[in-house]
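The values are calculated or read from the model by the stated rules, or taken from the named source; none is laboratory data. Model, not experiment: these values are computed from the prediction. Quick reminder, even Gly has a Cβ in these numbers, built from the backbone with ideal geometry, and neighbours come from all protein chains shown. Ligands, DNA and RNA are stripped out before the accessible areas are found, and what is left, the full protein with its side chains, is counted by its heavy atoms. Shrake-Rupley method; radii C 1.70, N 1.55, O 1.52, S 1.80 Å.
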Amino acid sequence: MNYHKYYPVDVIDGPGTRCTLFVAGCEHQCPGCYNKSTWRVDSGFPFTTELEDQIIADLLDTRIHRQGLTLSGGDPLHPQNLSAVLHLVRRVRTECPGKDIWVWTGYTLDSLTEAQRQVASLINVLIDGKFVQELRDPALIWRGSSNQVVHYLR
């Protein structure tokens, strides 16, 4: 898996203060997407064990309380990202008790593959659906267009 940006302290992409990782790779390529640079799976930088360890350390850092981890992109549920994302969310669940995990994806909850459902079973919130320019609504919380749904899974 590749990633574009990691924010160890983020107050925009989910509730509270969070760690946020923007991964590379998105097959949806929605017109009007604000993050087109993340579409190619081979763009960005390789996601390393060192960065994964840093995310865990940041989530556990008591100097700045983080509510949890946000995964966005690109698309964390892109088939080429699933193995690394699954490994990361399992580590967060095991090593960072009490931290929530939010995932943004262009896939819809009812269309997820079995591998994608494995990730969904470990996260707290899934915001699903492609961004649709004609349904764009800046007043929405956590969504860009009104077709997208916030699923509270745990």
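Computed quantities for the displayed model
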item: Any hit, the stretch 75-88, residues being among the small types (Gly, Ala, Ser) and within 19 Å of Leu51 (Cβ to Cβ); result: yes
item: Residues located in the stretch 24-43, provided they are out of contact with any helix residue (DSSP H, G or I) (no Cβ under 7 Å at 6 or more places or on another chain) and not hydroxyl-bearing (Ser, Thr, Tyr); result: Gly25, Glu27, His28, Gln29, Cys30, Cys33, Asn35, Lys36, Trp39, Arg40, Val41, Asp42
item: Candidate set: the stretch 128-154, residues that are among the hydrophobic types (A, V, I, L, M, F, W, C) and not in a loop (DSSP other than H, G, I, E, B); chosen: the one farthest from Gly14 (Cα to Cα); result: Leu135
item: Cross-chain or 6+ apart pairs with Cβ under 8 Å, the stretch 53-80 first and over 27 Å from Tyr34 (Cα atoms), then open to solvent by less than 10 Å² (accessible area, probe 1.4 Å) and outside any helix (DSSP H, G or I); result: Ile56/Cys96; Leu60/Cys96
item: Residues that are surrounded by fewer than 17 Cβ atoms within 10 Å (Cβ to Cβ) and either assigned to a loop (DSSP other than H, G, I, E, B) or in contact (Cβ under 8 Å) with a residue 24 or more places away in the chain (or both), drawn from the stretch 110-123; result: Thr113, Ala115, Gln118, Ser121
item: Residue within the stretch 124-132 that is over 24 Å from Pro31 (Cα atoms) and touching a residue at least 12 places away in the same chain (Cβ under 8 Å) present; result: yes
item: Entirely in the stretch 1-109, the strands (runs of 3 or more DSSP E) that have 2 or more residues that are farther than 22 Å from Ala120 by Cα and open to solvent by 30 Å² or more (accessible area, probe 1.4 Å); result: 2-10
